[in-house]
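The structure appears right after this line, and notes come after that.
The values are calculated or read from the model by the stated rules, or taken from the named source; none is laboratory data. Everything numeric in this text was worked out from a predicted model, so none of it was measured. No Cβ is skipped: glycine too gets one built from the backbone with ideal geometry, and neighbour counts run over all protein chains shown. Only protein heavy atoms, including side chains, enter the accessible area calculation; ligands, DNA and RNA are left aside. Shrake-Rupley method; radii C 1.70, N 1.55, O 1.52, S 1.80 Å.
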Amino acid sequence: MKTRSILTAAASLALLALGALQAAPAHAQAMHHSTEPPFSHEILTGAVLFEKLEYGWGLDGPNVGRWDGQAWYGSDVNRVWLKTEGETARNGRVESAEIQLLYSRLLSYYWDFQAGVRYDIRPQPDRFYGVIGLQGLAPGMFEVDVQGFVSERGDLSARAEVSYDAYITQRLVLQPNVEVNFALQKVPELDIGSGINDVEAGLRLRYEVTREISPYIGVSYERKLGDTARYARNEGEDVGGWAFLTGIRLFF
Amino acid sequence: MTNSKLSRRRALGLGAAALAFPAVPGALAQPAIGRAIPREFNLTLSHVTANITGRRRPAMAINGQIPGPVLHFREGEEVVINVTNRLREHTSIHWHGLILPSGQDGVPGISDGFQGIDAGGTHQYRFPLVQAGTYWYHSHSGLQEQSGIYGSIVIDPATPEPFGYDRDYIIQLSDWTDETPSHIIANLKRDPGYYNYNKRTLASLISELRRAPDGATRSTIVSDRIMWGDMRMDPTDIEDVGGYTYLVNGHTPAQNFTSLFRPGETVRLRFINSGAMTHFDVRIPGLEMTVVQAHGNNVRPVTVDEFRIAPAETFDVLVRPRDGRQYQVLAETMGRQGFAQFSLATQEGLPALPLPPHRPRPVLTMADMGMNYGPSGLDRGTPMPEVDAPGHVAPMDMGGMDHSAMKAPAGSSQDMQHGSTGGMNHGSMAGMDHSAMAGMDHSSMAGMNHGAMGGMAGMNHGPAGGAAAGGMDHAAMGHGSMAMPDPLVNNVGAPPGARVLSYRDLRAAKPLYPVREPTRIIEIRLTGNMERYIWSINGNSFSKAQPIQLHLGERARFRFVNETMMNHPMHLHGVWMMPQVGNGAENPLLHTVNIKPGTRLDVDIEADAPGGWAFHCHMLYHMETGMMRKVEIVAPRTAAAR
């Protein structure tokens, strides 16, 4: 059972890596167009960003490993987006793992509209969702990603993520972030209550050795709320708490 | 000063320009035959390994050298140039600034009938030289120019020049990067601030606050920060790309390219900016410079202490060093990232003089944001049929803007005009409608938004306002900090009293065209998205845009409006551009006109060369990411038939 969960997690990471490989030839691609007549002059580029690749020492709970990454490839207006996030706990068992494949279109100066599918490998039972979202930069330079989901069973949920990069020096960056999950209906088999499910807040201090590689330390606070918290308690699980984080941010 | 002596010395000076790489023997065939048979030149493009910074990096060279060989032509002759492509990719060579038939201009897909040169192929260019002066040539395919496909052109005049000199040197400035150019685009696309290590930080905020003399200044500093944050823009973004080593004729500052002179001689320096992304501020401590040519055309000599040279521009200057000492010629980049430098000396091989500290880095102000370029489209007297594509035009929602904060923190302005607004044309203000100004309500400007801007239509000077309107700013009209930066004054950070070249100082020595009213005004808004690194003209990137059509024989006026925060040296192939700087018939003839951030400028074009012509920003990565158009000059009949 344990091996299988690790395998599924590995598979989801492999999928993301595949996205990374897709993005990597972007450099070659940008060059490539010069061999063609210039009227089809559209530059295709890509990027891979792992905002979180970290291990958290629970100060009042279990230790948690966490990843949160995204990759895109495409033109200025139309892009394919791949997002993944998940958590491992208790000796590497994957608690949650999801992957999203999205089409993204530039709506305005700062905002992209995104739509696609999300697949949750964990928690079991695995589940597909439809996704629509808005990703961009809000006034004040806040990175915002808001998504709405409808599951294969018709359950509606949503997620909002906001983060901010405060440059302390040219390379030392303090990044506060908040993520909130909502659900319209409860989904007992996934231990999801209705209303606000959980809130996660973090403060990460990274050092940009290069723009690509930035190790960081930080703290996070996570809290399940309402019925979601009740489900967790009933199963003898933690409802949240503080953690000390060490990790690395990758941006290629 | 006999002719033979001149040409020998010239050969010496120019030869030195080509020392960076050994020339391929015999590559440049120049049979000394009479005028009837065109002289033939051979250029071979190939991949090479260059070592500029101590690392061996892939590069591209012409005849094995970077820069490519000097093409030395004579006015009135016809030349044949065979370009052989030994690259593994498609290529092209464009003769920058030369007036020639469209089919010989060398822009794949735009020049008439020219589709570029396939890998392994050879293309023969053949054209007459109808002009004299300093020009250059470069690849017009992808980013090959950044990799090393550029060289200089000198055309000797058919009639003697109105100035004399003893020595003649080409000074070709450029920017070299160890990175692959396509990698730079990918970096800018995913993070426009990738190369900016001069961002505003908490540390810089604290030190600014500590330096501030009083509470009012401190609150200005803080609210300025908040405002830039609200606008989601970065005032420290002056140069998009970093990591450059700046070269003079392929020589790093330490390699110290040297131009020889004997005290008392007059030395001609032909400055060519072949930098892909770099504006240079040029000065020679201890020497003044007399500008005698701009963009290959003779101008009435004007003596300056410093000048800014935008990418693709050329300025020929004369200097007269009297002392037998070593003079340091400094070309500091506009964003203060580095220097190109060389020496004027009486002997070769001297070590470079130590570089001075950088001048203060410019920081953009709200004025540079061009929040006040006034009405647009029809209101500005220009039909504007184009519809902006989503994401190309910065939202001008200044709702949260605090008027008090619009004063730039002292000394930080790129375009604080330290009394240099002298160029403002008061005469033309007579035509200003003061009654309309009365309607301007200061208080309403605090919450300025699109609506309020519409109200500024009353300030429109109409098409006749021309450059004078461009040169005039709101500061002059009593709006204080609402100043629109002067489109023609370059603030290079020179000491007070220093003479800094402006387009206003340039007067064509031999005007080509009489003064006449434009038949049409075409609005050219320079637009883009810094956040996504998209660049465009009138809100449309090249890949999506339609050509701009001009009628053969017409006098078109391009009304440039720079809505972005960056400088854009706009280059139109095939015809001269005449910025309306207030010199009447003597307005200079330029092939590239630098449009400063947040400014507008009228530029007239005599559409006398039929065919397809490229029109683009000469910041290489701006062009590559969309700031480009095709201009078609067609016979009026053809145009009517369409």
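Descriptive notes on the structure:
- Global form of segment A:69-167, assessed from the alpha-carbon gyration tensor, a/c cut-off 1.5: prolate
- 28 Å Cα-Cα threshold exceeded, pairs from B:189/B:630; A:83/B:596; B:189/B:596; B:510/B:544; A:52/B:544; A:52/A:224: A:83/B:596; B:510/B:544; A:52/B:544
- Value in Å of the Kirkwood radius, where segment B:220-325 supplies the Cα pairs that are averaged: 16.6 Å
- Neighbours of residue A:79 by Cβ distance under 13 Å: Lys/Arg scored +1, Asp/Glu scored -1, total +2.
- Inter-probe distance in nm under a simple model that places probes 7 Å from Cα toward Cβ, at residue B:112 and residue B:78: 1.6 nm
- The residues of segment B:474-583 have, on average, 31 Å² of accessible surface per residue, using a 1.4 Å probe with all protein chains present.
- In loop segments of segment B:552-612 as defined by DSSP, there are no chymotrypsin sites (Phe, Trp or Tyr not before Pro) with at most 12 further C-beta atoms inside 10 Å of their C-beta.
- Here residue A:51 sits with roughly 40 square angstrom of accessible surface, probe radius 1.4 Å.
- When you filter the GluC sites (Glu not before Pro) in segment B:172-274 for DSSP loop state and at most 13 other Cβ atoms inside 10 Å of their Cβ, nothing is left.
- Residues listed by number, segment B:549-569, amide nitrogen under 15 Å from residue B:520 label point at 7 Å toward C-beta: B:549-559
- Loop sites in segment A:48-142: trypsin sites (Lys or Arg not before Pro), DSSP, at most 14 other Cβ within 10 Å: A:90
- Probe 1.4 Å - accessible area at residue B:136, Å² to nearest ten: 0 Å²
- Other residues with beta-carbon under 14 Å from the beta-carbon of residue B:264 carry, at +1 per Lys or Arg and -1 per Asp or Glu, a net charge of +2.
- Taking a ≥ b ≥ c as the square roots of the eigenvalues of the Cα gyration tensor, segment B:522-642 is oblate, since a/c reaches 1.5 or more and a/b is not larger than b/c.
- For residue B:183 and residue B:46, the difference between the fully extended length at 0.36 nm per residue and the C-alpha to C-alpha distance is 47.3 nm.
- Take the accessible area of A alone and of B alone, subtract that of the pair with a 1.4 Å probe, and the total buried over both chains is about 4100 Å².
- Where B:551, B:96 fall by accessible area, highest first, once all protein chains stay in place (1.4 Å): B:551, B:96
- Take A:193-203, B:533-543 and order them by the average number of nearby Cβ atoms within 10 Å per residue, most first; the result is B:533-543, A:193-203.
- For residue B:358 and residue B:226, the difference between the fully extended length at 0.36 nm per residue and the C-alpha to C-alpha distance is 44.7 nm.
- Tensor-based shape of segment B:62-201 (alpha-carbon gyration tensor, a/c under 1.5 rounded, otherwise prolate or oblate): oblate
- Theoretical FRET efficiency, 1/(1+(r/R0)^6), r = Cβ-Cβ of residue A:113 and residue A:185, R0 35 Å, to 0.05: 0.90
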